[in-house]
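Every number in this text was worked out from the coordinates using simple rules, so none of it is lab data. In this text the structure is predicted, and so the values were computed from the model without any measurement. Using ideal geometry, Cβ is built from the backbone for each residue, glycine included, and neighbour counts are taken over all protein chains shown.
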Amino acid sequence: MNNLIKGYMGKELVVDLTTGKAEEKKLNESVMRKYLGGAGYGAYVLYNELSEYTDPLSPENILMFATSPLSSPIVPGGGSVMVCFKSPATGIWGQARCGGSFGYTLKKAGYDFLTIKGKAAKPVYIEIINGNCTIKDAENLVGLDIYEKNNYLISNVKEGYSKNVAAMVIGVSGEKKISIAGIMFNDRAAARGGGGAVMGSKNLLGIVVNGDKKPEYSDEKKLMETIRRINKKVKASDFCEGAHEFGTVGDLPFNDEEGDVPTMNWRSNSCGTGRKVHDAFYDHLYQGSATCYKGCPIACGRKLKVETGRYRTPAHEGNEYESVAAFTAFIMNEDIEFASYCCYLCNKYGADTISAAAIIAFAMECFEKGIITKKDTCGHSLEWGNKEGTLWCLKAILNKTPGLGEILSCGVKKAAEIIGQGSEKFAIHVKGMEGPAHDPRSGKTLGLCYATGNRGMCHIQPFEGMAYDRAKMDWGMIKYGVRDPETLDRWDEAGKGKDCRILQDGLCIPDILTTCKFLMYADVDLDDWADLLNCMTGWDTDGWELLKTSERIYNLQRLFNTREGITRKDDQLPERCLKEPEFGKYKNNSMCVISDFDAMLDEYYEARGWSPDGVPSEEKLKELGL
Amino acid sequence: MYIELVFTGQMKRLMPKGSQGFEIPDGTTLSEWYEIFSDRYADSLSPAVWNKKEKRFYRPVKVYINGERIRNEDNNIILKDQDIIKVSMILTGG
C-alpha cells in the first residue's frame, strides 16, 4: 500500500467515452486539503475544465462521481456518492447525492473519483474492477427499466466479483435526456438537476464497480475509537430514534399543520390532508425501515408495497417525505396508493419525483386556466387530483412523448417559456429547478436558502431552513456564529441573512465529505467530521478549517454560476412564495409574507462578502485562496 | 404526588414554555394523566401532535418516563412520585 495521501485511494479515473480511453490521474495532497472531495473536488474540476456556456447535454460536459476519505461503510453516514455536473435543468452548477454502497465500492475498485467525458458512439456501460476499466456494449439494455439494467450489470460482472458489487444506472428518462432524469442506485437516486440526462447524453447507461482495495489510514486504532464515539452519540440522539421509527414521512402531518407543505402548485402552504395521508401510509403500505447502505445507524428509509388494486407495486423504497408530499399535496391527490405508484414509476424510469410532481401541478394549473386543453392531453382531464390524467401526464413526461410530454419534460421554466400565455407566473422554480415540498411561508430562512442555493430551489442543498426556523435545530453551528434558533421567531426576517450564510457553509460539509446530511441532525458536528478526517489522513484540521473550506467551495460553485450569468436577478423567489396563501389554514395570515426580501438578500450578500449584485468580491476570493 | 412534564425538540415551541408540574392522585396511570393533561391545555394543543378524540399524542411524538420510551400499549403504566415525563418530537428532515 503506497498511496501518497492517507485516507484516499489517491487516484481519479478519467474515462473519455469519445476515444474509449481511461486515464488514471494521481491526486495532489494540497488540492485535496483545499477541496477535500465530493462536491468540493467536483467544483474544482468542473470550474477549471468546463468553459462558460458549455451545453450540458454535449460531449463537453463532465459527469463526476465523487467520494471522500469518509466514504466508507464504517463511517456513520459514509454510504453516499456525490454526482457533479453542469445541469441541463438549470444550465448552472449541478450536484446530486445518492445513498448506497456505490461510493465506497468505487474506492474498493481503486478510485476516489470517476470522471466521465465525451460521448460514446453507441450505448455502453462501464465496468471498473480493481483498477481495470472496461467499456462494454449496452445496446441490449436500451429501453430497459432501472431494475432490469441494474440486474444485468450485477449479474454480468467479472467472475468472482459479484459479491458486494455496486451499480448505478439510468432509466428510460435518462436515455431520452429529459431534464429531470436521475442516476439510480436501486431505489435510491441522485435525482435533482438532471444528472441522468447528462449520463444519457454520453450514451452511458450504467456503471458497475467492485474490488478489494482499501485506503491506508493514518491512525486506524484512533479512527475506530472515534467511530464508536460518534455512533454512540448518533444512536442516543432523538433524531436517530425518530427518523428510524417514522422516516421522513413522519413529518407530513406536522408540516401540514405548520404551513410547510406547498399545495396546489403553491397556492397554499397547507393541504389539510397530511394526517390522513400519513396514517394511510403506515396503516396500509409500510413494510419496514430500510438503510441505503449496510451499517447506517439511522435507517430512515421506508420499504412499502401496494398489495392489491390498480396501483399495486412490488415492495420498493423511495417513498420519502418529499416524494409523498409532492404526489399528494402538489397535485391535490389524497390517495397514498396512487402517490406511491407514481413514485414507483419515477424510480422505474429513473426520474426525480419532486420535479415530476411539480411539473404535473404546473400542467394542472395550465389546464384549469384553459392554457392546456384536452386537445393537448389526448382527451385526458388534468383537473386537480385527477388520477388518470396525472398518470397519462407522468408517463408522457417520463417517456418524453412528442407534444405536451416533450414540452413538460423540459421542466416548468422552459415549459412555461414555450407555452407562454402567462404561465410563467405560476411556474414555480428558482434558476430552473422546481420547488420541493417545503414552504418558505412556514419560516423565512428557507426563502433565502431557496433563492441563493447554488443548484436552485432545493430544500436540502445546502440546508433545510425550516429545520432551523421551526424545529429549532442548530446542527452544532452556534459556536460558529449562528444565532440560537430558540431565541428567534420563525417569522423573523432581520438577521437571518447572516445565519443563512454560516449554516449554508456548515451544512455543505456533508456534501463535500459525501456523508449523509442527516448525521448532522443526529448531533454529529463539524469537529466530529474533522476528527474522522484527521484519523484517516493524519491532518490536523478542525471545525473552523472545515467551515472555511466549505465557504471556499460554496464561493467556487457561485463563481461557476456567475460565469453562466447568474446574478441578483436570479436569486429571487417565485411570487407565490412571498405572498399569503390563497386557502388553507394560513389563508390571510400576513405572517407568511416575506415583507422585505430585498433586505434579507442584502444582508446575506454582505455576510458572504459579495457585491450587491451577488458577485463574490475580489477580497473574498483572495481570502479564500480562489 | 408530583410529576414533572418536559417538552423537547419541536414540542418546545408548540407547548407551554419550560417545565410543567402536575399534582396528581397516587396510582394515576399514564392514560389518566393524559386526561388531566388534556383538561389543562384543552384547545391549545396542536392537532398535528395531539389526538383530541382519543386523548393521546400522535406518532411521531414520543413519550418517555424518566428517560424510558413509553409506547401506546404501555398507557396503563402507573406513575410514581417525582416521575419526569418527557414529550419529544425531532424530525423535520428530507
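Calculate the length of the line joining the C-alpha centroid of the stretch A:579-599 to that of the stretch A:117-172, in whole Å.
Cα centres, the stretch A:579-599 to the stretch A:117-172: 49 Å.
Placing +1 on the Cβ of each Lys and Arg and -1 on the Cβ of each Asp and Glu in chain A, which of A:146, A:600, A:277 has its Cα farthest towards the positive end of the resulting dipole?
Of the listed residues, the answer is A:146.
Can you pull a Stokes-Einstein diffusion coefficient for the stretch A:1-120 at 25 °C (0.890 mPa s), Rh from Kirkwood over Cα pairs, as a whole number of µm²/s? Please report the intermediate quantities before stating the final value.
Numbers: Rh = 14.5 Å.
Answer, rounded: 169 µm²/s.
Please report Rg (one decimal) and Dmax (integer) in Å for the Cα set of the stretch A:256-398.
Reported Rg and Dmax, both Å: 15.3, 52.
Charges at C-beta only: +1 for Lys and Arg, -1 for Asp and Glu. How large is the resulting dipole of the protein assembly as shown about its Cα centre, in Debye rounded to 20? Each step should come with its number before you reach the end.
Numbers: 91 positive and 99 negative charges, 336 e Å.
So the dipole magnitude of the protein assembly as shown works out to roughly 1620 debye.
Calculate the all-directions average of the projected area of the stretch A:488-626's alpha-carbon convex hull, and give it in nm².
Working: hull surface 42.1 nm².
Result: a mean projected hull area of 10.5 nm².
Give the long-range amide H neighbours of residue A:268: residues separated by 5 or more places, or on another chain, with amide H under 5 Å away, using H modelled in the peptide plane at 1.01 Å from N.
Answer set, sorted by chain and number: A:263, A:582.
For the pairs A:26/A:348; A:21/A:86; A:233/B:53; A:107/A:136; A:517/A:569; A:213/A:235, flag any whose C-alpha to C-alpha distance is greater than 27 Å. Mind showing how you got there, number by number?
Values: A:26/A:348 37 Å; A:21/A:86 22 Å; A:233/B:53 37 Å; A:107/A:136 21 Å; A:517/A:569 29 Å; A:213/A:235 30 Å.
As for pairs spanning more than 27 Å Cα to Cα, those are A:26/A:348; A:233/B:53; A:517/A:569; A:213/A:235.
Which ordering of A:230, A:170, A:512, B:65 is given by a fewest-first count of other beta-carbon atoms within 10 Å? Each step should come with its number before you reach the end.
Working: A:230 23, A:170 31, A:512 27, B:65 17.
Sorted ascending by nearby Cβ count, the order is B:65, A:230, A:512, A:170.
Volume per residue, Å³, of the convex hull around the alpha-carbon atoms of chain A? Before the final figure, lay out each step's value.
Numbers: hull volume 83.3 nm³, N = 626.
Hull volume over Cα atoms, normalised by residue count, gives 133 Å³.
Using the reciprocal of the averaged 1/r over all distinct C-alpha pairs, how large is the Kirkwood radius of the stretch A:174-306 in Å?
Values: mean 1/r = 0.0540 Å⁻¹.
This gives a value of 18.5 Å.
If one computes P(r) from the Cα atoms of the stretch A:308-349, what percent of pairs lie at distances over 15 Å?
Working: 272 of 861 pairs.
I get 32 percent for the Cα pairs in the stretch A:308-349 exceeding 15 Å.
Kyte-Doolittle mean at least -1.0 and Cα extent at least 15 Å along the axis: which DSSP H helices of chain A qualify? Provide the component values of the computation, followed by the final result.
Details: long enough: A:38-49 (16 Å, -0.04); A:220-236 (24 Å, -1.12); A:336-349 (20 Å, 0.34); A:353-368 (22 Å, 1.50); A:387-398 (16 Å, 0.57); A:496-507 (16 Å, -0.75); A:526-537 (16 Å, 0.17); A:543-563 (30 Å, -0.82); A:597-608 (16 Å, -0.75).
Length and hydropathy pass: A:38-49, A:336-349, A:353-368, A:387-398, A:496-507, A:526-537, A:543-563, A:597-608.
Could you line up A:610, A:544 from fewest to most neighbouring Cβ atoms inside 10 Å? Intermediate values should be presented prior to the final figure.
Values: A:610 21, A:544 13.
Final ranking by Cβ density, sparse to dense: A:544, A:610.
For the stretch A:154-245, what's the radius of gyration and Dmax over Cα atoms, in angstrom?
Considering the stretch A:154-245 through its Cα atoms, Rg and Dmax are 18.6, 49 Å.
Take B:24, A:360, A:178 and order them by how many other Cβ atoms sit within 10 Å, fewest up front. Spell out each step's value before the answer.
Numbers: B:24 16, A:360 27, A:178 31.
Listed from fewest to most nearby Cβ atoms, that is B:24, A:360, A:178.
Determine the principal axes of the Cα atoms in the stretch A:96-238, then give the extent along each, sorted from largest to smallest and rounded to whole angstroms.
Taking the Cα atoms of the stretch A:96-238, the three principal extents are 49, 37, 26 Å.
Between residue A:395 and residue A:381, how many nm apart are label points set 7 Å from Cα along the C-beta direction?
According to this spin-label approximation, the distance is 1.9 nm.
Per residue of the stretch A:63-80, what does 6.51 cos²θ - 1.76 cosθ + 1.60 with θ = phi - 60° give for ³J(HN,Hα)? Whole Hz please, x for Gly and Pro, Karplus curve as stated.
Couplings: 10, 10, 9, 10, 10, 8, x, 7, 6, 7, x, 7, 7, x, x, x, x, 8 Hz.
How large is the translational diffusion coefficient of the stretch A:327-426 in µm² per second when you combine the Kirkwood radius over alpha carbon pairs with Stokes-Einstein at 37 °C and 0.692 mPa s? All intermediate terms of the calculation are to be shown ahead of the outcome.
Numbers: Rh = 13.1 Å.
Taking Rh from Cα pairs, D becomes 250 µm²/s.
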